[in-house]
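Before any comments, here is the structure.
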Amino acid sequence: MSTIRLIRLFTKSLLVSISLCFLPGLSVAQSEPSDSADTGKPETSIELMYNEANNHSKVLTATVKTNVKDTYEAVKGISVNFYQKEVGPENLLGTSSSNDKGVAILVVPEDKLSKTSVDYTFIAASENDAKFEDNQEEISVSESDFVMTLEQGDSSRQVLIKLQAPDANGTMAPVAEVEVRLYVQRLFGLLALSVDPETTDENGEISVDFPAGIPGDSAGNLIIVAKVEEHEKFGNLEFQRKISWGTPLIIDPNKNRRELWSSRANAPLYLIFIINTMLIGIWGVIAYIVYEVFKIWKLGRQKAS
Amino acid sequence: MTATDQNSRRNFLKKGLGIAAVSSAVTALHAFQVDSVEETGEKVKLLSPEGEIVEIDIAYLKPIPEVNISPDESRHGIPGRRFVMVIDLAQCKNLRKCHDACDKMHHCGPEKEFLKVLKMQNNTLATPFWQPTMCFHCDEPPCVKVCPVDATFKREDGIVLIDTDRCIGCRFCMVACPYSARTFDWSEPAFPLELAHQHYSPETSVPAKMGTVSKCDFCPDMVRKGEMPHCVTACPNGVFYFGDENEDAVSNGAETVRLSELLRDRSGYRYMEDMGTRPRVYYLPPVNRAFPFQDDEFTKHKG
Amino acid sequence: MKTKKPVPLPYPTDQIEAISRDLMPKPFGLSGKIWVAVLSVIFLTGLYFYIEQFRFGLGITAMRDYSTWGIYIANFVFFVAISLVGSLVSAILKLSGARLRTPLTRISEMIAVSSIIFAALVIIVDMGRPDRFLNVIFHARIQSPITWDVIVISTYLTISLLLFYLPLIPDLAFMRDRYVGIPAWQKKMYTFLALGWNSHPGQEKILRRAEQILAILIIPVAFGIHTVTSWLFATTLRPGWDSNDFGPYFVSGAFMVGAGGVIAAMYIFRTHYSNWDKYLTDKHFEFMGRLLVLLSLVYLYFNINEYFVPAYKMKGGEAEHLRALFHGRYAPLFWSVQFFGMVLPIIVLMFRRGRKPLPMFIISIFVIVGAWFKRFLIVVPTLSHPYIPMDRLPESWQHYIPTFKEWSITAGTLAGALLIVTLLARFFPAIPIVETIEEAKPDHNFEEIS
Ligand code: SF4
Ligand code: SF4
C-alpha cells in the first residue's frame, strides 16, 4: 500500500517537473520539413530548444511533429540523435526517443562536451527512421553564468539576479540589457511577479523586492523562478529556488466539519442526537407494545392449561 | 540573513550528492525501486515536490503504470488544494471544443453532457452571450446534503464527486442541484469494450453505470498528474482558468494569474449567488467581448 | 393452546348470530372473483414491465435528465398520503371519542397498511439501482431526508400493522371459536393469530391499554411521515417546491384523500355485502361527509396559501412555473383537479342530500383521482422549469409524458394495493365483530371506550 502511494507521489512529482521545466514556450529554433529527396515517407518538423537550469545542467529538447490533415501531431517514439558542432559519429552527444508529446530530452553530458569554444552548436537529427523522412535542426548558444540569489534582510526580501558571459578574452563579464522574468511556481504554471520583464543593468544585475502576500505551502515555502527566455545568444536560462517567503497556508483545521453536506461520519451532532432520541423513544414504545402482546399470549396459555 | 551561496550549491549538486537532497518520498522510492529499474546512466534534472533540483536516471521517466486511486482515497482529495475555476465569458464564442473534449474523455455517449454551452440573455435588450456551465463544485452543495447513502461527497480539495458503485439512483441529488448539472444513465451506457474492464474510480467517472448519476468531476485524474481538466486545455480561446485557490493562482494554459486580482479587476461573479450554494466556478462578465454574438445553439440530445 | 369453551358473550344469542353472520369474512362471489381477476391482471402486467425496467433500466420510462422524477414519485406521494387515513380514523377519531368510528377503523387500517406497503415498493420501483437497496441501511446518511423517510415509513408501517392487528385479536378468537365450515388452514391461522385470546380480564386490560398507546403514538408518526415526504421537495431550491408550508399542505391533503378513500371503501363494502347497510349506515356517511368537507376546507386554505401568495409576487422561476399551471401547458389539468378534486366536493357535501351514500361515493372517487393528479402536478411541472434555460432541448426532454410501460407499472401498484385490501377483507372482518356486538348492548357506554 505505502509503496503504491510512494510511486504515485513520485509519478506526480516527475510529471509536474517535466511540464514545468520544458513546456512553456522555450522554442529557439524550428525546422521546416525538408523538401529534399522524396522517398515517399512523411516529413517531420523538429523544434529544438536549449535550456539551462540553475546554471548547471544543459538540456536539449527536441519536439518532433508531423503534419496530419493540416494539423501538427506529435510523433511518438522516434529516436533523435543529438550532436555538437556537426553531424558525425564523433560528435554524438546522445540519443533519446520521443515521448507521447513528441518530445525527446537529452541532458548534455558535460564530459563529452568539447569546451574549446564558449559558443556551442547543437544539432538534433532524426536519421534513418523507418516511417519518417530524415530531418535535422540546429541551434547555437553561448556560455553564460546566470545566477539568482535570495537575500532576506530585517524588513526586506530581495531577489538578486546576475548574468555574466565570457568576453572576447574568455573572462567573465557582466551582460547588460537582457530581459529577465521572475515567477513564482504554481500548480499549473508560472505566476509572473510583474507584468513587464526586468532588464539587467550595466553590472549585469537586477534587484527586485519580493512582494508580500503570495501564498506558499503550509510552511510558507514557494519556488521562485528567474528566466531568460529565448535569448538569441544564450537560449533559455532558468534559475529556481525554494524559500519560505510565502504566506503559510493554513489548512482548514475544521476540515472534518460537521455539516449537513458532510459525509455520514461527520453528521451534525444535534441531528444524530435528535433522530436517535426519537428512534429510541418511538421504537421503545413499539417494543413495549410487542411485549404486551406477548403477555396476552401468555395469559391465554395460563387460562387454557 | 539567509543568503544562499550559489557556488556552494552548484558544487553540492555537481558532486553528485543531489540525491541526498531529494525529498524523503523519493529517497524511499529509490529503496523500493533500485532493483526493479535498470539505470541507463543518463540523468535528467527534475524538481522534487520540495522544490529541490534533483538528478534522476532517465529510466525512472519511463511510463510508470497508472496507479489506481482507491475509492477511499478519492473521497479525501488532494491534500492542501482547493480547486477553483474561472470562466471568461467575454472570450467564449461557442466553439464547444471544451464540450467535445469533455465528452470524449468521459465517454458521454449520445445523450449525456457534463459540460453545456448555454445561450444566456440577461434581459431582452441585452445581447445574448455563451455561458459554459458544468458542475460548480459548490462549497455548500445541496446535492451532497440530500444523498442518502454518501454516494456523492465533497472532498477536502473542494471537488464534488460521485461514487457510482454506491449510488442507488434515487436522483434526489439531481433535483437538489439548482444548476441541473447532474446527468443520469437511464439505460446501459455504451462505451468501448476495453473501458468496461478499466478499474473504476470516482475520479475518472468512467466507466459509467446504468442507474447511477454522473456529472462534471473537475478531472481529478488529470489534476493528480499535474495537468489541467480537459475543457481547460481544449479551449483555443483561453476561456477557462483553473487553479488552486490556496495558491491564489489560476491558469488557462497560456497565462497564470492571481485569482484574487482576476476576480477583483474583472468583477468576477458566481452564477445564481443568491442560491447560497457558494460555487467554486466564477464567471467574468461578458463585457468588451472578443467576438460578436452568433446564434448557433447546439444540443446533442436527440430526444 | 386451543380453548374448548367459546368466549362468553352476555347478550342475546340471536343478535350475536345475526351480527356474526353479516360480518364474518366470506368467500368471493362471482363479482368478487372478477374483481380479483381484473386486479391481478393489472398487477401482473405492471410486474411484467417492472421486470423489464429492472433489466434495462429506467430508460423505458419517459423520465430524462431534467424531468428526473415522474409519476412514480407522484404515485409514492399519493400512497403515503392515503395511508394517513389509518391514523386519522383509528387515532384521531378514537381519541376524540367519535361514536360512529367503530365500523370505520378496520377499513381504514386495511387501507393504511396496504398503501404504506406499496409506498415502500413504489420508491424501490423508482430507484435506478434497486439491487443496492440495502445501501440505504448500511450506508445511511442521517442528513438526507430520504433516510428520514425510510425510518419514518418503516416506523409507520410497524405501528399501522399493530393498529390493524391488536383490535383484530378478539375477532380472531371469535372466528376461531365460531366460524364453522372453513378450511382447516384458515382455522389454524385464526387460532395462531388469536394468541390464545379468551377474554381474560387481564388480556382485555392489556389490549385496551396497548391500543390507547398506539393511537397516541401514531399521530406524531403520521404527521412525520407526510411532513418528511413533503420535505423531499421542500428541501430543494426548485420553484414550486421551495416552500415553507409544504408540510401542513401535504398533511392536510393527505387527510382529505384518506377520508375519500374510506368513503369509497365504505360504499363498496356496503353495496357488496348484504345487510352491511345496518353497520355502515347513512349516519356514518353523513359523519364522513362532514369530516370530508372540513378536511377539504382546510386543504383549500393551504392551496390558497400555496398558489396565491407566490402568484401575487410572481418572482422569477416561480412565475414561469405558475404561468404553466394557471394558463400554460398544465392549466387544463390544474384547473380540473382544483375544481373537481376540491371545490366541487366542498360544494356538494355542503348539502344534506350530497351526503347520501351514492353522491358521496362519486365525490370520493373525484377526490381520490383528483388527489392522484394533484401529486402529479406537484412533482412534474416543477422539474420542467429548471433555472437554466432548456429551450435548446428537444420537446420530449422539455416535457414529460409518461410512457405506456410507466403507466402500466403505476397502475399495477394501485391494483396491488387494492388487491391487498381485498384479500384482507376476505380473511379478516372489515368491520370489528366483537366491538360491534358490544356496542349493540343496550347499556353500552361509548365514552368508556375512548
Ligand atoms: S453545481 Fe449542482 S451538482 Fe455541482 S456541486 Fe453544485 S449543486 Fe452539486
Ligand atoms: S442518485 Fe445517487 S448520488 Fe444522487 S442522491 Fe441518490 S444515491 Fe446519492
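Would you be able to say whether some residue in segment C:91-111 is within 16 Å of ligand 1 (Cβ to nearest atom) and out of contact with any strand residue (DSSP E or B) (no Cβ under 9 Å at 6 or more places or on another chain)? Within segment C:91-111 (the criterion being within 16 Å of ligand 1 (Cβ to nearest atom) and out of contact with any strand residue (DSSP E or B) (no Cβ under 9 Å at 6 or more places or on another chain)), the answer is no, since none of the residues qualifies. Residue check: is A:Ala226 among the hydrophobic types (A, V, I, L, M, F, W, C) and either more than 14 Å from chain B (Cβ to nearest Cβ) or not in a strand (DSSP E or B) (or both)? The answer is no for A:Ala226. A count restricted to segment B:285-298 and to residues that are at pLDDT 85 or above and surrounded by 12 or more Cβ atoms within 10 Å (Cβ to Cβ) stands at 4. Does B:Gly211 meet the test of being on the phi > 0 side of the Ramachandran plot, away from ligand 1 (no atom under 16 Å from the Cβ) and out of contact with any His (no Cβ under 8 Å at 6 or more places or on another chain)? Answer is yes for this residue.
What tally of residues in segment C:51-95 results from selecting those that are within 12 Å of chain B (Cβ to nearest Cβ) and either outside any loop (DSSP other than H, G, I, E, B) or within 25 Å of C:Val369 (Cα to Cα) (or both)? Looking only at that region, the number is 18. The set of residues in segment B:151-184 that are more than 11 Å from ligand 1 (Cβ to nearest atom) and more than 7 Å from chain C (Cβ to nearest Cβ) comprises B:Ala151, B:Arg155, B:Glu156, B:Asp157, B:Asp163, B:Thr164, B:Asp165.
Filtering segment B:179-189 to residues that are assigned to a loop (DSSP other than H, G, I, E, B), of a type outside the set (Ser, Thr, Tyr) and within 21 Å of C:Asp131 (Cα to Cα) leaves B:Asp185, B:Trp186, B:Glu188, B:Pro189.
Test B:Asp165 against the stated conditions and say whether it is out of contact with any His (no Cβ under 7 Å at 6 or more places or on another chain), within 11 Å of ligand 2 (Cβ to nearest atom), of a type in the set (Asp, Glu) and over 28 Å from B:Gly268 (Cβ atoms). For B:Asp165, the condition - out of contact with any His (no Cβ under 7 Å at 6 or more places or on another chain), within 11 Å of ligand 2 (Cβ to nearest atom), of a type in the set (Asp, Glu) and over 28 Å from B:Gly268 (Cβ atoms) - is met. Only residues that are more than 17 Å from B:Thr212 (Cβ to Cβ), open to solvent by less than 40 Å² (accessible area, probe 1.4 Å) and not aromatic (Phe, Trp, Tyr) were counted across segment C:126-157, and they come to 9.
Out of segment B:138-162, which residues are of a type in the set (Gly, Ala, Ser) and away from ligand 2 (no atom under 15 Å from the Cβ)? Across segment B:138-162, the qualifying residue is only B:Gly158.
Taking segment B:185-208 as the search range and keeping residues that are at the interface with chain C (Cβ under 8 Å from one of its Cβ atoms) and open to solvent by 20 Å² or more (accessible area, probe 1.4 Å), which one is farthest from ligand 1 (Cβ to nearest atom)? Within segment B:185-208, the match that is farthest from ligand 1 (Cβ to nearest atom) is B:Glu188. Filtering segment C:370-412 down to residues that are among the aromatic types (Phe, Trp, Tyr) and within 10 Å of chain B (Cβ to nearest Cβ), which residue is nearest to B:Asn122 (Cα to Cα)? Applying the filter and picking the extreme gives C:Tyr387. Restricting the first member to segment B:192-216 and to residues that are assigned by TED's automatic domain parsing to the domain that holds B:Phe136, and the second to residues that are open to solvent by 30 Å² or more (accessible area, probe 1.4 Å) and within 16 Å of ligand 1 (Cβ to nearest atom), the beta-carbon pairs closer than 8 Å and six or more apart or on different chains are B:Pro202/B:Arg75. Inspect all residues belonging to segment C:404-427 and state whether any of them is surrounded by fewer than 19 Cβ atoms within 10 Å (Cβ to Cβ), part of a helix (DSSP H, G or I) and among the acidic types (Asp, Glu). The answer is no; no qualifying residue exists. Being in contact with a strand residue (DSSP E or B) (Cβ under 6 Å, 6 or more places away or on another chain), farther than 15 Å from A:Glu229 by Cα and in the same structural domain as A:Asn67 (by TED's automatic domain parsing) is true for just one of A:Gln136, A:Gln164, A:Gln158. Which residue is that? Answer to the check: A:Gln136. Screening B:Cys135, B:Cys98 for residues that are more than 12 Å from every other protein chain (Cβ to nearest Cβ), out of contact with any Asp or Glu (no Cβ under 7 Å at 6 or more places or on another chain), touching a residue at least 24 places away in the same chain (Cβ under 8 Å) and within 16 Å of ligand 2 (Cβ to nearest atom) leaves exactly one candidate, B:Cys135. Condition check: loosely packed, with under 14 Cβ neighbours inside 10 Å and either touching a residue at least 12 places away in the same chain (Cβ under 8 Å) or in contact with a strand residue (DSSP E or B) (Cβ under 7 Å, 6 or more places away or on another chain) (or both). Does A:Gly204 satisfy that? In short, no. Among the residues making up segment B:168-180, those that are within 10 Å of ligand 2 (Cβ to nearest atom) and open to solvent by less than 10 Å² (accessible area, probe 1.4 Å) are B:Ile168, B:Gly169, B:Arg171, B:Phe172, B:Met174, B:Val175, B:Ala176. Within segment B:120-141, is there a residue that is in a loop (DSSP other than H, G, I, E, B), within 12 Å of ligand 1 (Cβ to nearest atom) and out of contact with any Lys or Arg (no Cβ under 8 Å at 6 or more places or on another chain)? No.
Restricting attention to segment A:106-125, the residues that are assigned to a strand (DSSP E or B) and not polar (S, T, N, Q) add up to 8. Applying the criterion of being open to solvent by less than 30 Å² (accessible area, probe 1.4 Å) and more than 14 Å from chain C (Cβ to nearest Cβ) to the residues of segment B:269-284, the residue that is farthest from B:Asp248 (Cα to Cα) is B:Leu284. Being within 14 Å of chain B (Cβ to nearest Cβ), buried (at least 20 other Cβ atoms within 10 Å of the Cβ) and not aromatic (Phe, Trp, Tyr) holds for only one residue in C:Val228, C:Val251, and it is C:Val228. Where helices (runs of 4 or more DSSP H) fall entirely within segment B:204-303, none has at least 2 residues that are of a type in the set (Lys, Arg). Taking first residues from segment B:261-280 that are among the polar types (S, T, N, Q) and partners that are open to solvent by less than 80 Å² (accessible area, probe 1.4 Å) and in a helix (DSSP H, G or I), the Cβ contacts under 8 Å between residues at least 6 apart in sequence or on separate chains come to B:Thr277/B:Pro142. Would segment C:169-191 turn up any residue that is hydroxyl-bearing (Ser, Thr, Tyr) and over 23 Å from C:Val113 (Cα atoms)? Yes, there is a match, as at least one residue in segment C:169-191 is hydroxyl-bearing (Ser, Thr, Tyr) and over 23 Å from C:Val113 (Cα atoms).
When restricted to residues that are charged (D, E, K, R) and either under 20 Å from C:Thr155 (Cα atoms) or buried (at least 20 other Cβ atoms within 10 Å of the Cβ) (or both), segment C:204-218 contains 2.
The values are calculated or read from the model by the stated rules, or taken from the named source; none is laboratory data. Note that the structure is a prediction, hence the values are computed from the model and not measured. Using ideal geometry, Cβ is built from the backbone for each residue, glycine included, and neighbour counts are taken over all protein chains shown. SASA here: full protein model, heavy atoms, side chains in, ligands and nucleic acids out. Shrake-Rupley method; radii C 1.70, N 1.55, O 1.52, S 1.80 Å.
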